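Peer 1: Structure provided below as structure tokens; questions to follow.
The values are calculated or read from the model by the stated rules, or taken from the named source; none is laboratory data. For clarity, every value in this text was computed on a predicted model and none was experimentally measured. So basically every Cβ, Gly included, is an ideal-geometry build from the backbone, and we count neighbours across all protein chains shown.
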Amino acid sequence: MSQSFHEPAVYTSNVQVKGVLKPGYEKVLTPEALEFIGYLHDQYNQKRRSLLSLRETRQEKFDQGERPALLDSTKEIREREWRVDPIPAALQNRRVEITGPVDRKMIINALNSGANVFMADFEDSTSPTWENIIDGQLNLIDAVRKRISYTSPEGKTYKLNDNTAILKVRPRGWHLEEAHILVDGLPASASLVDFALFAFHNGGILAERGEGPFFYLPKMESHLEARLWDNVFTSTEHILGLEEGTIKATVLIETITSAFEMEEIIYELRRHLAGLNAGRWDYIFSIIKKFRMHKSFLMPDRADVTMNVPFMKAYAQWLVKVCHKRGAHAIGGMSAFIPSKDEEINRAAYEKVKADKEREASQGYDGTWVAHPKLVEVAKDVFDRVLGNKRHQKDILRDDFEVIPSALLDIASAKGKITEKGVRTNINVALLYIESWLRGVGAAALYNLMEDAATAEISRAQLWQWIRHEAKLDDGRTVTADMYQSICEEEYQAIRKQFIENRHETLSLATARLILDRLVLGQTFEPFLTSRAYLHL
């Protein structure tokens, strides 16, 4: 095969690479790996597309007033006795997990952080530029082989310690596509691309060590989508010569519909499931999105929707109960704080993080997430104190908690306010995050928090919801499109001034505003910000 690795090339009969092939990319985009993508696509893409159509059909019913409920068709699964297959030793102790994008320095620092698990993220904290996706796969190939290193522009060298966190990988969700790889002339499923490239190049090595391949699965909306992943896993194990059940996955319960099908999701993946995770930010976004047409689901300011409000507390407790009933791990949500140079800010934030982790540990969670290495010890101290020498606390079955499905939909229980500050914050954060994402940076440090796409999704969804339903601010004013445009102009100009003063280009900020305006002022609700913004990458 002869071609320059700077030009797109057709490698297989039905798979075409459209992205620029930089030196080194041939190590990822081998003919065999692309054949594997093509095979999985041929087998499963039609089913993926049909499941996405089911999402649209279900949304139409929600718009008309239908509400999710426990499924009658799967009652027998919920009522009979069964448990997930044994979970490997490498995933028994998961008390602290760190997450972040797949850039080289981040991978090294996260694996060295002292966390039990590192989730390398191709999804919400990675802007899916072609370079980010393929460089990320190259970085993980080196990380799995323990040869990854990085030298900063200042000359500082980073390399792996002898003892590192266990690696898990989060591919993009079922709804996303990879425009730079075509299968039969159409964009490939981003989920299958991310999964296939990592599993193909690293699955055998990790399996020999008893360390994987392990995955996190995002954005699922039903147990049928979990069944599709299970089929993909089984096929992959057969093709790669892995024992069935070698691949293990943790599912993020970050949609309201998946919350009503937690047990069924575990059941579908029972041969491959390690646990569920409480993906709190996307979960809130999902509630706004699914019930966007109904004023009774108006959310207060994002800051008021904490894990202690009743409907979020019910979700958190139910997840633990379901997981432990079936022998799976329950993993808590993200603490997104990143340390500041101001020690007063740090002290206050560490206390909030500690309180959040104490809540999770007391509810029965087996572990939790953090976004920064300096938070690992804060979270680990809490779980060490509660778990002691135990690797988890799956013995806590939460028989004290009665599952009341309607509690998940009791949004009024939040009892917060909608304020001008909330409107302004949503606009400001959405503009800054989308601008960062367009520049290829999907994990943005904003106001001492490591923000990913979920934050921007909540922000723009609330703005759309408040305008649509003429929400009242705490001072009596009505949220309108004119109010949004006025405040957006103020925030945009303030950010633009800062960018100019710091010699930061403003083109991506202008594009971010166009995208935000379309998302917030549109008559219809766009399902995913990232799908809209991807057109600009």
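Peer 1: Which one of these does Ala443 not meet: (1) in contact with an Asp or Glu (Cβ under 8 Å, 6 or more places away or on another chain); (2) surrounded by fewer than 21 Cβ atoms within 10 Å (Cβ to Cβ)?
Peer 2: (2)
Peer 1: Quick check on Asp482: is it closer than 16 Å to Met299 by Cα and surrounded by fewer than 16 Cβ atoms within 10 Å (Cβ to Cβ)?
Peer 2: Working: closer than 16 Å to Met299 by Cα: no; surrounded by fewer than 16 Cβ atoms within 10 Å (Cβ to Cβ): yes.
In short, no.
Peer 1: For segment 487-503, state whether one or more residues are closer than 27 Å to Lys219 by Cβ and either among the polar types (S, T, N, Q) or not in a helix (DSSP H, G or I) (or both). Walk me through it before giving the result.
Peer 2: Here is the first cut: in segment 487-503, the ones closer than 27 Å to Lys219 by Cβ are none.
Scanning segment 487-503 turns up no residue that is closer than 27 Å to Lys219 by Cβ and either among the polar types (S, T, N, Q) or not in a helix (DSSP H, G or I) (or both).
Peer 1: Give the residue, chosen from Glu451, Glu457, Glu491, Glu526, that is in contact with a strand residue (DSSP E or B) (Cβ under 7 Å, 6 or more places away or on another chain) and either at negative phi or touching a residue at least 60 places away in the same chain (Cβ under 8 Å) (or both).
Peer 2: Details: Glu457 fails: in contact with a strand residue (DSSP E or B) (Cβ under 7 Å, 6 or more places away or on another chain); Glu491 fails: in contact with a strand residue (DSSP E or B) (Cβ under 7 Å, 6 or more places away or on another chain); Glu526 fails: in contact with a strand residue (DSSP E or B) (Cβ under 7 Å, 6 or more places away or on another chain).
Unique residue meeting the criteria: Glu451.
Peer 1: While we're here: Name the strands (runs of 3 or more DSSP E) wholly inside segment 89-187 in which the number of residues that are small (Gly, Ala, Ser) and out of contact with any Cys (no Cβ under 8 Å at 6 or more places or on another chain) is 1 or more.
Peer 2: Result: 96-101, 117-121, 149-151, 177-183.
Peer 1: Suppose we filter segment 518-536 for residues that are more than 20 Å from the chain's Cα centre (by Cα), buried (at least 16 other Cβ atoms within 10 Å of the Cβ) and not aromatic (Phe, Trp, Tyr); how many remain?
Peer 2: The number of residues fulfilling the criteria is 2.
Peer 1: For a quick check of your reading of the model, give me the residue pairs whose first member lies in segment 392-407 and is under 23 Å from Glu261 (Cβ atoms) and assigned by TED's automatic domain parsing to the domain that holds Ala328, whose second is β-branched (Val, Ile, Thr) and not in a loop (DSSP other than H, G, I, E, B), with beta-carbon atoms closer than 6 Å and at least 6 apart or on different chains.
Peer 2: Pairs that qualify, where the first residue is under 23 Å from Glu261 (Cβ atoms) and assigned by TED's automatic domain parsing to the domain that holds Ala328 and the partner is β-branched (Val, Ile, Thr) and not in a loop (DSSP other than H, G, I, E, B), are Arg398/Val320.
Peer 1: How about segment 339-390: which of its residues are β-branched (Val, Ile, Thr) and either more than 21 Å from Leu111 (Cβ to Cβ) or assigned to a loop (DSSP other than H, G, I, E, B) (or both)? Quick ask: steps written out before the conclusion?
Peer 2: Within segment 339-390, the subset β-branched (Val, Ile, Thr) is 345, 353, 368, 370, 376, 378, 382, 386.
Result: Ile345, Val353, Val382, Val386.
Peer 1: Would you call Ala336 touching a residue at least 40 places away in the same chain (Cβ under 8 Å), more than 17 Å from Tyr283 (Cβ to Cβ) and within 22 Å of the chain's Cα centre (by Cα)? Outline the logic, then answer.
Peer 2: Details: touching a residue at least 40 places away in the same chain (Cβ under 8 Å): yes; more than 17 Å from Tyr283 (Cβ to Cβ): no; within 22 Å of the chain's Cα centre (by Cα): yes.
The answer is no for Ala336.
Peer 1: Then there is this: Could we say that Thr126 is at negative phi and in contact with a helix residue (DSSP H, G or I) (Cβ under 7 Å, 6 or more places away or on another chain) here? First the steps, then the outcome.
Peer 2: On the way: at negative phi: yes; in contact with a helix residue (DSSP H, G or I) (Cβ under 7 Å, 6 or more places away or on another chain): yes.
Judged against the criteria, Thr126 is a match.
Peer 1: Related question: As an exercise: evaluate Thr234 against (1) assigned to a strand (DSSP E or B); (2) surrounded by fewer than 21 Cβ atoms within 10 Å (Cβ to Cβ); (3) free of Cβ contacts under 8 Å to residues at least 40 places away in the same chain and give the number of the one condition it does not meet.
Peer 2: (1)
Peer 1: Further question on the same structure: Could you please tell me which pairs satisfy a Cβ distance under 7 Å, a separation of 6+ or placement on different chains, a first residue in segment 137-163 that is at pLDDT 95 or above, and a second residue that is in a loop (DSSP other than H, G, I, E, B) and among the basic types (Lys, Arg)?
Peer 2: Note: pairs meeting the criteria are Leu160/Lys146.
Peer 1: Does Ala349 count as assigned by TED's automatic domain parsing to the domain that holds Ala249, closer than 17 Å to Gly279 by Cα and touching a residue at least 60 places away in the same chain (Cβ under 8 Å)? It would help to see each step written out before you state the result.
Peer 2: On the way: assigned by TED's automatic domain parsing to the domain that holds Ala249: yes; closer than 17 Å to Gly279 by Cα: no; touching a residue at least 60 places away in the same chain (Cβ under 8 Å): yes.
It is false that Ala349 is assigned by TED's automatic domain parsing to the domain that holds Ala249, closer than 17 Å to Gly279 by Cα and touching a residue at least 60 places away in the same chain (Cβ under 8 Å).
Peer 1: Any chance segment 307-328 includes a residue that's at positive phi and either in contact (Cβ under 8 Å) with a residue 12 or more places away in the chain or not assigned by TED's automatic domain parsing to the domain that holds Gln363 (or both)?
Peer 2: Residues of segment 307-328 that are at positive phi, as a first pass: 327.
In the following step, the residues that additionally are either in contact (Cβ under 8 Å) with a residue 12 or more places away in the chain or not assigned by TED's automatic domain parsing to the domain that holds Gln363 (or both) were identified as 327.
Yes, there is a match, as at least one residue in segment 307-328 is at positive phi and either in contact (Cβ under 8 Å) with a residue 12 or more places away in the chain or not assigned by TED's automatic domain parsing to the domain that holds Gln363 (or both).
Peer 1: Still on this model: Is it the case that some residue within segment 167-176 is more than 16 Å from the chain's Cα centre (by Cα) and crowded, with 17+ Cβ neighbours inside 10 Å?
Peer 2: Initially, segment 167-176 is screened for residues more than 16 Å from the chain's Cα centre (by Cα), giving none.
No, the conditions are met nowhere in segment 167-176.
Peer 1: Moving to a separate point now. Within the group Ala165, Ala179, which residue is aliphatic (A, V, I, L, M), farther than 27 Å from Gly275 by Cα and not assigned by TED's automatic domain parsing to the domain that holds Ala443? Spell out how you get there, then give the answer.
Peer 2: Working: Ala165 fails: farther than 27 Å from Gly275 by Cα.
The conditions single out Ala179.
Peer 1: Turning to a different aspect of this structure: Considering only segment 237-266, how many residues are in contact (Cβ under 8 Å) with a residue 60 or more places away in the chain, among the hydroxyl-bearing types (Ser, Thr, Tyr) and either farther than 24 Å from Arg55 by Cβ or crowded, with 22+ Cβ neighbours inside 10 Å (or both)?
Peer 2: Total satisfying the criteria: 1.
Peer 1: If Ser406 meets every condition in (1) more than 29 Å from Thr480 (Cβ to Cβ); (2) hydroxyl-bearing (Ser, Thr, Tyr); (3) in contact with a Phe, Trp or Tyr (Cβ under 8 Å, 6 or more places away or on another chain) apart from one, which number is that one?
Peer 2: Just one mismatch for Ser406, condition (3).
Peer 1: Would segment 196-211 turn up any residue that is within 22 Å of Tyr39 (Cα to Cα) and outside any helix (DSSP H, G or I)?
Peer 2: No, there is no match, as no residue in segment 196-211 is within 22 Å of Tyr39 (Cα to Cα) and outside any helix (DSSP H, G or I).
Peer 1: Then there is this: Which one of the conditions (1) hydroxyl-bearing (Ser, Thr, Tyr); (2) in a helix (DSSP H, G or I); (3) under 18 Å from the mean Cα position of the chain (by Cα) does Thr250 fail to meet, given that it meets all the rest?
Peer 2: (2)
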